[in-house]
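Q: Got a structure for you, questions after.
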Amino acid sequence: MSWEKSPHIQTFKLFAIVVAVCLSSFYLISSVLVPVVISFTLYALFEPATLYLVRHNFNHSLSIMIMLVFLLIVSVLIIGFALPALFDQVTLLQSKLPQIAKQLEKLLTGYGEFLANEFGANVDISELTLSILSESSSLGQSALIKVSNSLLNFVIFFILVPFLTYYLLKDFKRARNDLMNWLPNSSFELGWLIYHNVSRQLNAYTRGVMLQSLIMAVFCSLGFSLIGLDIPVLLGAITGMLNLVPYVGPVISVILALLVGAAMTPFEPSVLYLAVAVIIAAQIFDNLVVIPAVVAHAVDLHPVQAILGIIIFGSLFGTVGVILAMPAIAAGKIVISNIYADMANASLKSVA
Amino acid sequence: MANIFWSNIFRKGDSELHTIASLWQATPLFSNIPERQTEMLCSKMHVRRFKPGETVFSQGDQGAGAILVLEGTVRVMANQTQLAQLESGDFFGEIALAAPERRTADATATSASRLVYFLKQDLEEWIEYEPRLGARFLMNLSAALAQRLFEANKLIADR
């Protein structure tokens, strides 16, 4: 058998085509990638409820409208009650940025003196502090600008997302069937099997991580409130969202909590330890209870695969890419294993 | 006016849907399943055209569902032995509805054929809609698979 006919090479060729098509599609819709991802997420969340209503003799369109009205009510509640509180907390964080910088400078100076006294190391802390302060200041400002831009985008998405979600709930399966009908007879069953496996895993993953994020946000908000950390709700919400990014997210959460804790007046070092303890407790709860119960084996990836995927997808598609990395790699694994199984079988038959 | 992008240009006509539903209803799989529900399920099935001599599936392929012959003829073979020559109204490949097993025979269209694919995924979605009828269908499927097993055993015993 020539090497071109090897199932590995055939699989690689076919998989490369699938990846190229997916990446090109992502690139083409990159300007609306966020609302599209949100709409698909809402579709995954609302579809079972829509099916439930249809099963109880509700008209399909009416069931979708009920779901959208529910979405509208939840959105209004969030905008009416939660967003003003979050805005207050963002403003509070902004006003605390200079204090955070001062506290950081004080901490670093203290460590510099400690190093000089104990080990005789002469570290130029003032220069290091100035560099960190200027970096953190610009980072803080750009982060705040980004948050403001995101809120503006949110208002635009508020119109686009329900529109897309409605049509996904109404016509996605029909459009999907039309698309699958373009497959040649030889790949028809394989195509459906791959689609079925990928969609089942992505649905389970989407529902699982949304619930996981919510649980983590509530857990951390309560924990931060109990230890008396500033802006507990905002920090809890951010920690819940950052939990979508495995390994890296919790580390960023700890840094954020430490920065907010360091800016508190009067400064209490115990709050810093307690903040870290809250996040560690949340992670333990997440890994022992939440993940086995709600995420289960939806995505079974090696840590190295996950980290590399996050870095590559993050560099290609930014924040959205970081969030999409895990399900995209998991889906890629299913596609490649199914194609390989088919190619290996075809290869065996040709040899026989 | 229907949106071109979202409209289903492959939508099966009512008469064809009725024909497909009638053919399935005549099989043991749809015994005691109401006609309206059968038609609803058939509206989600996929009709494919095959040329004479074209392979429908090969032994060892991953199967996605059962197949009904709507028009034409299909030959089923295993180990160089012809197991069946199927025509309009016959169905095959139903093991794939029950288990993720690989195809156990080769199926080839022997004339220009139209085959109806009833995918496991569509069956699962339908069971979510109609759990009671779904349970009845699964009982029918078990009976059909048991019958196939009985016939296979008889064939082996007769040899």
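Q: So which of A:K170/B:K44; A:K13/A:K333; A:K170/A:K333; B:K44/B:K120; A:K13/B:K120 end up more than 20 Å apart, counting from Cα to Cα?
A: Check vs 20 Å cut-off fails for A:K170/A:K333; A:K13/B:K120.
Q: Would you mind giving the mean number of other chain beta-carbons within 10 Å of the Cβ of each residue in B:49-59, as a whole number?
A: 2
Q: Other chains' Cβ within 10 Å of A:181-187 residues: what's the mean?
A: 4
Q: Right, something else. Highest mean first, what order results for A:15-23, B:40-48 on Cβ atoms within 10 Å?
A: Top of the packing list down: B:40-48, A:15-23.
Q: Please give the length that would be gained between A:T319 and A:I17 if that part of the chain were fully extended, namely 0.36 nm times their separation in residues minus their C-alpha to C-alpha distance (nm, one decimal).
A: Taking 0.36 nm per residue and subtracting the Cα distance, the gain is 106.2 nm.
Q: Roughly how crowded by other chains is peptide A:159-165, in terms of the mean Cβ count from those chains within 10 Å of each of its Cβ atoms?
A: Mean shielding count: 0.
Q: Another question, if that's okay. Could you tell me how many degrees, from 0 to 90 and to the nearest 10, lie between the Cα long axis of helix B:131-158 and the main elongation axis, the longest principal axis, of the Cα atoms of chain B?
A: For B:131-158 against chain B, the angle is about 20 degrees.
Q: Summarise the long-distance tail of P(r) for chain B by giving the % of C-alpha pairs beyond 29 Å.
A: The share of Cα pairs beyond 29 Å in chain B comes to 19 percent.
Q: How high is the relative contact order of chain B, in percent, with contacts defined as C-alpha pairs under 8 Å that are six or more residues apart?
A: Once normalised by length, the contact order is 27 percent.
Taken together, the values in this text are just the output of simple stated rules run on the coordinates, not laboratory data. Values in this document were obtained by computation on a predicted structure and should not be read as measured data. Because the Cβ atoms are built from the backbone with ideal geometry, glycine has one as well, and the counts that use them run over all protein chains shown.
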